[in-house]
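Below: one structure, written as structure tokens.
The values are calculated or read from the model by the stated rules, or taken from the named source; none is laboratory data. It should be emphasised that the depicted structure is a prediction, and the values quoted were computed from it without experimental measurement. Here the Cβ positions follow ideal geometry from the backbone for every residue, glycine too, while neighbour counts run over all protein chains shown. Each accessible area value is taken on the protein alone, full model and side chains, heavy atoms only, with ligands, DNA and RNA left out. Shrake-Rupley method; radii C 1.70, N 1.55, O 1.52, S 1.80 Å.
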Amino acid sequence: RTLGAFNPRASVAYRMGDSGVSLRASAYGGFRAPTLNELYRGFRVGNTVTNPNEALEPERLKGFEGGVLASRGRVSARVTGFWSTLDEAVSNVTVSSTSSLITRQRRNADEQRASGVEFEAELALPRAVTVGFAGAVIASHFKGQTDLRDKRVPQVAKYNLAFTARYQERGWTGSGQVRVTGPQFENDQ
């Protein structure tokens, strides 16, 4: 098969004078063809068998994001909201389940929608130390005409947070980070 796609992107940014505040927005599209593994290679893990699917269609993405960046002196902060729709999302869908065997097949799961907000802040402290905080809150669900409608998308956490500290002086840099990720799951059910 030969597949092609048009992947447009439009972006705009506006700096509000010398206030240290910038606004930005973008709208975009994307395309991903199924991989050879998804089309032709099955696999088994324990009592779960996942079968390939030669009839998979490509995934197509459309989305929008907008945000604000504020910076003044030693402090900067960024907040970005986003919304996207992934049509014909390739997913592992449970076809049958017994106590001894779970059978899944890769299928186009109609539509996935994701929306949320990302945030980030950084503070430069005295003595070459910088501390930061970042995170995201995400809602990602199946939509459209599918058996998975309104179920959460596997492997997408509802939230994630990160705390960082960095020391940088005279060519030396030391940093540390603590990350917290919300619960995730593998099962489409």
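When Lys and Arg each count +1 and Asp and Glu each count -1, what net charge do the other residues less than 14 Å away from N47, Cβ to Cβ, add up to?
Neighbour charge sum, excluding N47 itself: +1.
Can you give me the P(r) profile for region 99-189? Cα pairs, bins 10 angstrom wide beginning at 0, each as a whole percent.
With a bin width of 10 Å, the distribution comes to 14, 31, 22, 17, 11, 5, 0.
Would you be so kind as to identify which of Q184, A33, V68 lies farthest towards the positive end of the dipole of the chain, taking Lys and Arg as +1 and Asp and Glu as -1 on Cβ and the Cα centre as origin?
After comparing all options, I get V68.
With each pseudo-label sitting 7 Å past Cα toward Cβ, what's the V68-S96 distance in nm, one decimal?
Simple spin-label model gives 5.6 nm for this pair.
Mind listing the phi-derived Karplus ³J(HN,Hα) values for region 27-41, rounded to whole Hz, using 6.51, -1.76 and 1.60 with θ = phi - 60°, and x for any glycine or proline?
Values per residue, Gly and Pro as x: 10, 7, x, x, 8, 9, 6, x, 7, 4, 4, 5, 7, 10, 10 Hz.
Under a 5 Å amide H to amide H cut-off, with H placed in plane at 1.01 Å, what residues pair with K158 once short-range neighbours are removed?
Distant-sequence amide H within range of K158: G182.
For region 83-166, what relative contact order do you get, as a whole percent, if you take Cα pairs closer than 8 Å and at least 6 residues apart?
Reported as a whole number, the value is 25 percent.
How large is the Rg to Rh ratio of region 1-53 when both quantities use alpha carbon positions and Rh follows Kirkwood?
The Rg/Rh ratio comes out at 1.37.
Using a 1.4 Å probe on the protein chains only, how many percent of the accessible area of region 40-189 belongs to carbon and sulfur?
Looking at region 40-189 in its full context, I get 53 percent from C and S.
Would you mind calculating the relative contact order of region 125-171 from Cα pairs under 8 angstrom and at least 6 residues apart, reporting the percent as a whole number?
For region 125-171, the relative contact order is 49 percent.
With every protein chain present, what is the per residue accessible area of region 1-118 (1.4 Å probe, Å²)?
That works out to 62 Å² per residue.
Residue by residue through region 18-26, which ³J(HN,Hα) values in whole Hz follow from phi under the Karplus form 6.51 cos²θ - 1.76 cosθ + 1.60 (θ = phi - 60°), with glycine and proline marked x?
9, 6, x, 10, 10, 10, 8, 8, 8
Starting from the Kirkwood radius over alpha-carbon pairs of region 131-183, derive D by Stokes-Einstein at 20 °C in a medium of 1.002 mPa s and give it in µm² s⁻¹.
156 µm²/s
Highest GNM mean-square fluctuation, the chain, Cα pairs closer than 10 Å: which of G29, G174, G42?
Highest fluctuation among the options: G174.
Which residues' amide hydrogens lie under 5 Å from the amide hydrogen of V90, considering only partners 5 or more residues apart or on another chain, with H built in the peptide plane?
HN-HN under 5 Å from V90: A109.
What ³J(HN,Hα) values, in whole Hz, does the Karplus curve 6.51 cos²θ - 1.76 cosθ + 1.60 give for region 126-132 when θ = phi - 60°, with x put for Gly and Pro?
Karplus values, whole Hz, x for Gly and Pro: x, 6, 6, 10, 10, 10, x.
In debye, nearest 20, what is the charge dipole magnitude of region 1-100 about its Cα centre with +1 on Lys and Arg Cβ and -1 on Asp and Glu Cβ, if you could check?
500 debye
I need the Debye-formula profile for region 31-125: one equal scatterer per C-alpha, no solvent, reported as log10 I(q)/I(0) at q = 0.13, 0.24 1/Å, two decimals.
The Debye formula, applied to the Cα set alone, gives -0.64, -1.12.
Would you pull out the residues with amide H under 5 Å of T48's amide H, same chain only if 5 or more places away, H placed 1.01 Å from N?
I102
What span do the alpha-carbon atoms of region 36-189 cover on each of the three principal axes, reported in whole Å from largest to smallest?
61, 33, 28
Give me the percent relative contact order of the chain, please, defined on Cα pairs under 8 angstrom at least 6 residues apart.
Normalised by residue count, the contact order of the chain is 14 percent.
Before I look further, what does region 119-182 give for accessible area per residue, probe 1.4 Å, in whole square angstrom?
That works out to 67 Å² for each residue.
Test of understanding: in a Gaussian network model of the chain with alpha carbons linked when under 10 Å, which of N108, N37, N53 would top the mean-square fluctuation ranking?
Checking each option, the largest mean-square fluctuation is seen for N37.
Along the charge dipole of the chain, Cβ charges K/R +1 and D/E -1, which of S84, W172, Q112 sits furthest on the positive end?
Value computed over the given set: W172.
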